[in-house]
Amino acid sequence: MDSAFVIEKFILVAVIFGISLVIAMYSTYAERKVAAYLQDRLGPDRAGPFGILQPLADGIKMFMKEEIIPTSSNRFLFIAGPGLALLCACIGTAVIPWGSPVLIAGKTIPLQVSDINVGVLYIFGVVSLGVYGVMIGGWASNNKYSLLSAIRAASQNISYEIAMGLSIIALLLMTNTLSLKEIVGQQHGLNWNVWYQPLGFLIFMVCSFAETNRAPFDLPECETELIGGYHTEYSSMKLGFYLFAEYINMFVSSAVMAALYWGGYNYPGMDYVAAHLGPTWAPLIGTAVFFGKIVMFIFFFMWVRWTIPRFRYDQLMNLGWKGLIPLAIANIIITGVVIAIIEKF
Amino acid sequence: MSTQVFYFVATLSIIFSLLVIFAKNPIHSVLYLILTFFTFTVHYVLLNAQFLAVVNFIVYMGAIMVLFLFVLMLLNLNNETEPSKSPLIKIVGVIAGGCLVVTLIGSLKSASITSPLILKNPSLGLVENLGKELFGPFLLPFELSSLLLLAAMVGAVLLSKRDEVEA
């Protein structure tokens, strides 16, 4: 392990971490702007031109607010909860290939922190770990509403993880690999997986809405029933961590959807661009395309939030167990049969 | 390097396992158990069994322990609600524990340090090789165990549905 490798990875991690935070910050602004647009309002427009400094103002407000730890709470776990939530949200970015290898100063640098050969499963592991932040925080608050919300979050996550895992199996049958780098590499040009797995993508997308606790599945923070949900007792930056974790989760799951199903950094005409711009700029354009797709998905998350009302809890469970899981299993069987027929003839 | 990491992680495993037993609060016990499972995941990675590591991570840490935590949070056990144990139970516990210690010492006395096992194929734990093994020579046991799991699942659903049928 030479030092150049370590420095290269360190810079990459720092850049990705910074980008995640900035995107999460501006997602809060975008959410309010999108909501305003959909409801025919103006949205935040006071801080800076078009209200562009609003996230900074909100951040400063979060830092300056009084730190309140309830006396009857479990102090250590109360603080560990939001930290864990943010940590789990951030480490998912490690296996996502942000672009094809780029040539900088005569050195080819892969734009992926780590290409482990179980990359897809790693993402699942991180997703399943994410619920601990909510559970621990909700329990340590020693508030019945927080606890109810934590329990909702846990059962929702476990239920939808199953459908998510099953929907991805159909994709893996086609790609024959668990490495995200290879999965993205196979979708060269416009050969995207979504054309072959539309149903799988639909199931995966619905499940990622549930996994990130986004509307219409944001039952853990259903304010009409649970006050504020699992972060009722939180104030100041600890609340900020929970909100930030939700936006980073949204960013990461958008990136995963774009990489698994929508071709990642591939786009039609990329060979032409690669031939004309050389190995330094062409991959960076691919990365820009990838981020464009991610932004589209984030916009979609927000669009759905302001369009579809929140589900009732039994509707959520019915959809997960009786709707999505049988559909995902049917999808696996159909995919398997079709692959067997194609290989035979 | 790898040996040092092993000893470090193994120490952590033992410490966390002990904390699982000694923690007063059942929720803390479960959280320590999660940490113990995490150290097991690191052990699997050190053994180059990536698939096993990730599955241990997803299934044990991510699903089973969430359910444990779930149930314990609903039960809300704490010192005030816990019934005080009678001295008889304590005596029985001491005797049973003593028997276990004697058995363990007896079985460990004859044990000797074995030479480290060298795998013929160090990449056996990778997904591809594991899949080929499972779906090749071990296909029948694999399918049978899946049937067993299915039977258990149907049984669990049946048990939870019984009230509805009677009512």
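The one condition from (1) more than 9 Å from chain B (Cβ to nearest Cβ); (2) crowded, with 24+ Cβ neighbours inside 10 Å that A:LEU202 does not meet is (2). Scan region A:109-124 for residues that are over 17 Å from the mean Cα position of the chain (by Cα) and either without any contact (Cβ under 8 Å) to a residue 12 or more places away in the chain or within 14 Å of A:GLY286 (Cα to Cα) (or both) and the total you get is 2. Among the residues of region A:136-154, those that are in contact (Cβ under 8 Å) with a residue 40 or more places away in the chain and part of a helix (DSSP H, G or I) comprise A:ILE136, A:GLY137, A:GLY138, A:TRP139, A:ALA140, A:TYR145, A:SER146, A:LEU148, A:SER149, A:ALA150, A:ARG152, A:ALA153.
Listed conditions (1) within 14 Å of another protein chain (Cβ to nearest Cβ); (2) within 24 Å of A:SER155 (Cα to Cα); (3) of a type outside the set (A, V, I, L, M, F, W, C) are all met by B:SER2, apart from (2).
Can you give me the number of residues within region A:228-252 that are in contact with a helix residue (DSSP H, G or I) (Cβ under 7 Å, 6 or more places away or on another chain) and either acidic (Asp, Glu) or within 17 Å of A:MET296 (Cα to Cα) (or both)?
Filtering region A:228-252 down to residues in contact with a helix residue (DSSP H, G or I) (Cβ under 7 Å, 6 or more places away or on another chain) leaves A:228-234, A:236-242, A:244-245, A:247-252.
In the following step, the residues that additionally are either acidic (Asp, Glu) or within 17 Å of A:MET296 (Cα to Cα) (or both) were identified as A:233, A:247-252.
Result for region A:228-252: 7.
With respect to the conditions (1) more than 13 Å from the chain's Cα centre (by Cα); (2) away from chain B (no Cβ under 11 Å); (3) crowded, with 24+ Cβ neighbours inside 10 Å, A:ALA89 lacks only one, and its number is (1).
Restricting A:VAL34, A:VAL113 to those that are modelled with pLDDT under 85 and more than 14 Å from every other protein chain (Cβ to nearest Cβ) reduces the list to A:VAL113. Considering only residues that are within 12 Å of A:GLU161 (Cβ to Cβ) and within 7 Å of chain B (Cβ to nearest Cβ), look in region A:122-145 and name the one that is surrounded by the most Cβ atoms within 10 Å (Cβ to Cβ). Ranking the candidates gives A:VAL131 first.
Only a single item in (1) touching a residue at least 60 places away in the same chain (Cβ under 8 Å); (2) over 23 Å from the mean Cα position of the chain (by Cα) is not met by A:LEU260, and it is number (2).
Would it be correct to say that A:GLY83 is more than 13 Å from chain B (Cβ to nearest Cβ), within 30 Å of A:ALA274 (Cα to Cα) and either modelled with pLDDT of 85 or more or not in a helix (DSSP H, G or I) (or both)? Working first, answer last.
Details: more than 13 Å from chain B (Cβ to nearest Cβ): yes; within 30 Å of A:ALA274 (Cα to Cα): no; either modelled with pLDDT of 85 or more or not in a helix (DSSP H, G or I) (or both): yes.
Against the criterion (more than 13 Å from chain B (Cβ to nearest Cβ), within 30 Å of A:ALA274 (Cα to Cα) and either modelled with pLDDT of 85 or more or not in a helix (DSSP H, G or I) (or both)), A:GLY83 does not qualify.
Kindly evaluate A:ILE151 against the criterion of being under 20 Å from A:ILE332 (Cβ atoms) and among the aliphatic types (A, V, I, L, M). Here the answer is no, as A:ILE151 does not meet what is asked. Filtered by the rule that a residue be surrounded by 16 or more Cβ atoms within 10 Å (Cβ to Cβ) and touching a strand residue (DSSP E or B) at 6+ places or on another chain (Cβ under 7 Å), region A:265-283 gives a lone residue, A:PRO283. Checked against (1) small (Gly, Ala, Ser); (2) within 24 Å of A:THR93 (Cα to Cα); (3) within 12 Å of chain B (Cβ to nearest Cβ), A:GLY189 passes all but condition (3). Restricted to region A:146-159, and to residues that are polar (S, T, N, Q) and surrounded by fewer than 24 Cβ atoms within 10 Å (Cβ to Cβ), which residue is nearest to the other protein chains (Cβ to nearest Cβ)? Checked region A:146-159; the qualifying residue nearest to the other protein chains (Cβ to nearest Cβ) is A:SER155.
Give the residue that is nearest to the other protein chains (Cβ to nearest Cβ), with candidates limited to residues of region A:92-110 that are at pLDDT below 80 and in a loop (DSSP other than H, G, I, E, B).
Here is the first cut: in region A:92-110, the residues at pLDDT below 80 are A:99-110.
If we keep only those that are in a loop (DSSP other than H, G, I, E, B) too, we end up with A:99-101, A:105-106, A:110.
On the way: A:GLY99: 25, A:SER100: 24, A:PRO101: 23, A:ALA105: 30, A:GLY106: 30, A:PRO110: 19 Å.
That would be A:PRO110.
Taking the options B:LEU69, B:LEU35, B:LEU12, B:LEU47, name whichever one is surrounded by 11 or more Cβ atoms within 10 Å (Cβ to Cβ), closer than 21 Å to B:LEU126 by Cα, touching a helix residue (DSSP H, G or I) at 6+ places or on another chain (Cβ under 7 Å) and among the aliphatic types (A, V, I, L, M). Talk me through it step by step, then tell me what you get.
Working: B:LEU69 fails: closer than 21 Å to B:LEU126 by Cα; B:LEU35 fails: closer than 21 Å to B:LEU126 by Cα; B:LEU12 fails: closer than 21 Å to B:LEU126 by Cα.
Checking each option against the conditions leaves just B:LEU47.
Report, by residue number, each residue of region B:74-90 that is modelled with pLDDT under 80 and part of a helix (DSSP H, G or I). B:LEU74, B:LEU75 - these are the residues of region B:74-90 that are modelled with pLDDT under 80 and part of a helix (DSSP H, G or I). Of the residues making up region B:20-31, those that are more than 15 Å from the chain's Cα centre (by Cα) and either within 14 Å of chain A (Cβ to nearest Cβ) or buried (at least 17 other Cβ atoms within 10 Å of the Cβ) (or both) are B:ALA23, B:LYS24, B:ASN25, B:PRO26, B:ILE27, B:HIS28. Of all residues in region A:52-73, those that are under 14 Å from A:PHE241 (Cα atoms) have Cβ atoms under 7 Å from Cβ atoms of residues that are hydroxyl-bearing (Ser, Thr, Tyr) and not in a helix (DSSP H, G or I), 6 or more apart or on another chain, in A:LYS65/A:SER235; A:GLU67/A:SER235. Scanning region A:240-249 for residues that are touching a Pro at 6+ places or on another chain (Cβ under 8 Å) and closer than 24 Å to A:TYR313 by Cβ yields a count of 2.
Output yes when any residue across region A:160-168 is free of Cβ contacts under 8 Å to residues at least 12 places away in the same chain, under 30 Å from A:THR287 (Cα atoms), part of a helix (DSSP H, G or I) and facing chain B (nearest Cβ under 10 Å), and no when none is. Scanning region A:160-168 turns up no residue that is free of Cβ contacts under 8 Å to residues at least 12 places away in the same chain, under 30 Å from A:THR287 (Cα atoms), part of a helix (DSSP H, G or I) and facing chain B (nearest Cβ under 10 Å).
The values are calculated or read from the model by the stated rules, or taken from the named source; none is laboratory data. Everything quoted here is computed from the prediction, not taken from an experiment. Note that each Cβ is placed from the backbone with ideal geometry, even for glycine, and that neighbours are counted across all protein chains shown.
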